[in-house]
Amino acid sequence: MTVVLRMIGRRLLTLIPLLLGIVLFVFTVMQFSSTDPAVAVFADAPVSPDQLAQFRHEHGLDQPFIVKYFAFLGMILTGHLGKSLATGQDVTTLIATALPLTLQLTFLGLIIAIVISFTLGTISAVFRDRWPDQTIRVLTLGGVAAPPSGSRSSSSSGSRSTFRSSRRPATSTRTTRSTAG
């Protein structure tokens with residue numbers, strides 16, 4: 001029993017630097033984002049550079065990286081994640097509101113995945129090296145190799161119009177192929 005407790009203790013101790021590393025990574029990615037929060041908040045309103053500077057100062061956006069990082073860590077440890085710039089609501093409240101539905105969807109998806117994978121695995125085992133097994137194998141490999149879907153469709157309409165404007169005009173090779181064939 002003491003061996004198990006020691007192993008659990010070691011795992012918990014290695015969890016601390018792992019979580020700190022994840023927080024550092026996420027914070028660094030957020031800092032190097034091309035979106036300036038001050039400009040995003042005042043996107044539709046004409047704002048002077050002095051007002052932007054005042055907003056950055058009030059929200060600590062003008063602080064050095066290391067100061068912002070330790071403030072971020074402190075906010076995480078205390079559970080006070082600040083106010084949302086988009087809605088003005090407390091971020092902790094927003095997370096607490098969304099978490100139950102998120103967990104329900106996660107567990108429902110997990111249950112569905114387990115049932116489907118168990119069923120397909122059983123069929124593959126029963127019909128080993130025959131057409132059902134090979135079909136399931138090809139579909140499984142195709143599913144693993146396919147890129148995640150829905151990332152473009154879930155974007156806001158503003159970014160979607162930016163994406164479309166960077167592509168070629170409406171005359172594409174599809175039009176050419178359909179008239180040629």
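Results, tabulated for the structure shown:
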read-out	value
Other-chain or far-sequence residues with amide H under 5 Å of Phe42's (modelled H)	none
Residues whose placed amide H lies under 5 Å from that of Lys83, excluding near-sequence neighbours	Val91
Per residue Cα convex hull volume in Å³ - calculated over segment 19-62	78
Spatial separation of Cα centroids for segment 83-127 and segment 19-37, in angstrom	24
Hydrodynamic radius of segment 1-151 per Kirkwood, over alpha carbon pairs, in Å	20.9
Two-site FRET efficiency, Ser48 against Leu108, from Cβ-Cβ distance with R₀ of 45 Å, rounded to 0.05	0.35
For Ser34, solvent-accessible area (1.4 Å; no DNA, RNA or ligand), Å²	120
Cα-based Kirkwood hydrodynamic radius, segment 1-88, one decimal, Å	15.8
With DNA, RNA and ligands ignored, accessible area of Leu110 (1.4 Å probe; Å², nearest 10)	90
Sulfur and carbon atoms: percent of accessible area, segment 27-97 [1.4 Å]	65
In Å², nearest 10: area of Asp62 left accessible to a 1.4 Å probe	80
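The values are calculated or read from the model by the stated rules, or taken from the named source; none is laboratory data. Computed from a predicted model, the values in this text were never measured in an experiment. Glycine also receives a Cβ, built like all others from the backbone with ideal geometry; neighbour counts cover every protein chain displayed. Accessible surface areas use protein heavy atoms only, side chains included; no ligands, DNA or RNA. Shrake-Rupley method; radii C 1.70, N 1.55, O 1.52, S 1.80 Å.
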